[in-house]
1. Looking for whichever is open to solvent by 90 Å² or more (accessible area, probe 1.4 Å) and under 27 Å from A:K184 (Cα atoms) here; the options are A:Q141, A:Q125. Which one fits?
2. Out of the residues in the range A:104-128 that are of a type in the set (A, V, I, L, M, F, W, C) and free of Cβ contacts under 8 Å to residues at least 12 places away in the same chain, which is nearest to the other protein chains (Cβ to nearest Cβ)?
3. How many residues are in contact with a helix residue (DSSP H, G or I) (Cβ under 8 Å, 6 or more places away or on another chain) and open to solvent by 50 Å² or more (accessible area, probe 1.4 Å) if we restrict to the range A:161-170?
4. Which numbered condition in (1) in contact with a Phe, Trp or Tyr (Cβ under 8 Å, 6 or more places away or on another chain); (2) open to solvent by 30 Å² or more (accessible area, probe 1.4 Å) is the only one that B:T117 fails?
5. So which residues in the range A:172-203 are open to solvent by less than 10 Å² (accessible area, probe 1.4 Å) and either assigned to a strand (DSSP E or B) or not hydrophobic (A, V, I, L, M, F, W, C) (or both), if there are any at all?
6. Being touching a residue at least 40 places away in the same chain (Cβ under 8 Å) and either more than 12 Å from chain B (Cβ to nearest Cβ) or open to solvent by 30 Å² or more (accessible area, probe 1.4 Å) (or both) narrows it down to one residue among A:A131, A:A152; which is it?
Amino acid sequence: MDIKIRGLQKTFGASPALHGVDLDVGSGELIGLLGPSGSGKTTLLRAIAGLETPNAGQIHFGGQDASRQSVQERRVGFVFQNYALFRHMSVAENIAYGLRVRPRATRPAARQITHRVNELLELVQLTGFDARFPGQLSGGQRQRVALARALAVEPRVLLLDEPFGALDARVRKDLRHWLRDLHKRTGHTTIFVTHDQDEALEMSDRVAILNRGALEQIGAPDEIYDSPATPFVFQFIGDSNRLPVDLANGRARLGAAILGHVAPGLEGAAELFFRPENAVLEAVGGLLSGEVTHVRRQGARRRADVRLDQTGAMIEVDLPHGAATQVTQRIGLRLERVGLFAQGRRVSLLDEACRAA
Amino acid sequence: MRIALLKPSPLPGFAPALGAALLWLGVLVLIPLAALVWRASGLGLSGLLSIASQPRVAAALKLSFGLSFLAAMLNVGLGGVVAWVLTRYEFPGRRLLDAAVDLPFALPTAVAGVALTAVYAPNGWIGGPLDALGLKVAFTPLGIFVALVFIGLPFMVRSVEPVLAEVEPETEEASATLGASRLRTIFQVVLPPLAPAFLTGFALALARAVGEYGSVVFISGNIPFVSEIAPLLIVVRLEEFDEAGATAVATIMLALSFALLLIINLVQARVRRRTGHA
């Protein structure tokens, strides 16, 4: 079931939580909603489920307007951050709940319900846990029960709020693969909320980045990482360096160095972003140079702090394998895949002194 | 030698604390009750039973336990709603209402009795209109019922409130996303985990109502066979210098109360197991 969201707005009291969000989700797609806390990602998810009433805007499920439908009518599967299992019901009763509460005319027979519950228990790898109570399960198991319960009603859309938020790192990693796998097998249109960028980039078909109630960028994980559309996305995803740049007379200048040309008419302050792995070491004497002030190991890579000669700004640079770079050494730098932004909008750099993404 | 039954605990002072607890429990509860039973034992079981079956005593016991039970039942609903309102909604005057719940607790029971009588008497604010409808409250068993509901309410509210506050609103939302109506959500998701708390509140309200004296004597009219409660009958017997009779009624009340609380505790243990509290 595809989802179409248009101009969704929500305010809590005086503070806006969402302003004018447009989002299209294809049928069977797995979308990660990523953003810092307070960015409105959970509000958006709850609005899709019908748990929040937006002030304006529409939500369509498969061409049908769902905006006026109640939570019950929307038939969404929602997995809550704290799982919200019914503690007084066994695992089997939890999973069967959505089928048992149906009106008599559409309620499956008891035998069918049991069959479906067993099917789902197998799907979430909890066969044999049917008689346990939620209090007797680990966090990862509860999470899977919550998922089975949501899937039991054959939802049109599956929504997950911080599905791995309350789990420890190991379990989290296992469940990520498992959920990705499950999605491949069941093919539900799925939206999940997370504040963990690794999770979003690893699991999603597409990632939607929210900031202060607005969508900053939506795209495939590679697209998000390699060509961030806004300064916020550049800084929020992965590591990046930010350098203040002056635009004057059709040129972008970093101190005395001319980085390249820009369209005439662009004047004033701008920001140049690039990732540490996109700074290439060269012989001193090129466009940019600096002095290494600190070198440290971070897992597979070595990273250096460099003070730029041109403006005195500190930047981070990844060192190539086997480079014998030492502290106090002077290095030359060439920047690749840079992003230049003036007033929050992307500006293209017109020649090759540093290559834009 | 140290008491070998105990696992070593990092908390100091177990022995003196247990000693003090047992001492107080003994001096304040067990010894007086034992004395009561000791005195009554002079009558023998047949003597007790014959006193219990005296029409006036039987009527008083029936009235006391019957009305207390009904009042506690009503408080399950009433207290549940009040606790729900206090925990779930934010409204002007909430704190005032919250404080007012404890009034029946803190008020001298005689004050409660006088106040209730004034309001529910045939010439009172509420009693007047009800009297016009042909419903007499004060000086009838209905009046006793009103007083017992009044004094039992805080027990119910304060038992249910903390448990209700712990219920995650998400479970209700989860129920809704699974297609359940509001009514079904309340009966299948919200209420079942609250059952132990309701039982506790019920037991406390019942126990309090059975023993209530001060507020009831003012509103009941104290007519033997009609609106005379068992605790009052004990006082009446004592005033007649019939100490054996008073002791007998007291012992019967003690036995009945104890049996009731025991049953409620057993039910509660069952409910807890069933609701996965273990």
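1. Residue meeting the stated conditions: A:Q125.
2. Only one residue tops the list, namely A:A105.
3. Matching residues across the range A:161-170 total 2.
4. Exception for B:T117: condition (2).
5. A:T189, A:T190, A:I191, A:F192, A:V193, A:T194, A:E199
6. Result: A:A131 is the single residue among A:A131, A:A152 that is touching a residue at least 40 places away in the same chain (Cβ under 8 Å) and either more than 12 Å from chain B (Cβ to nearest Cβ) or open to solvent by 30 Å² or more (accessible area, probe 1.4 Å) (or both).
Let's see how each residue does on (1) open to solvent by less than 70 Å² (accessible area, probe 1.4 Å); (2) among the hydroxyl-bearing types (S, T, Y):
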{"residue": "A:A279", "(1), (2)": "yes, no"}
{"residue": "A:L288", "(1), (2)": "yes, no"}
{"residue": "A:T293", "(1), (2)": "yes, yes"}
{"residue": "A:D305", "(1), (2)": "yes, no"}
{"residue": "A:V317", "(1), (2)": "yes, no"}
{"residue": "A:A324", "(1), (2)": "no, no"}
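Okay, residues lined up against (1) closer than 18 Å to A:F133 by Cα; (2) modelled with pLDDT of 90 or more:
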| position | (1), (2) |
| --- | --- |
| A:A49 | no, yes |
| A:E52 | no, yes |
| A:A56 | no, yes |
| A:V71 | no, yes |
| A:Y83 | yes, yes |
| A:F86 | yes, yes |
| A:I95 | yes, yes |
| A:T106 | no, no |
| A:Q112 | no, yes |
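The values are calculated or read from the model by the stated rules, or taken from the named source; none is laboratory data. Because the structure is predicted, anything quoted here is derived from the model rather than measured. Neighbour counts are summed over all protein chains in view; Cβ atoms, including those assigned to glycine, are modelled from backbone coordinates with ideal geometry. Note: accessible area is taken over every heavy atom of the protein model, side chains too, but ligands, DNA and RNA are not part of it. Shrake-Rupley method; radii C 1.70, N 1.55, O 1.52, S 1.80 Å.
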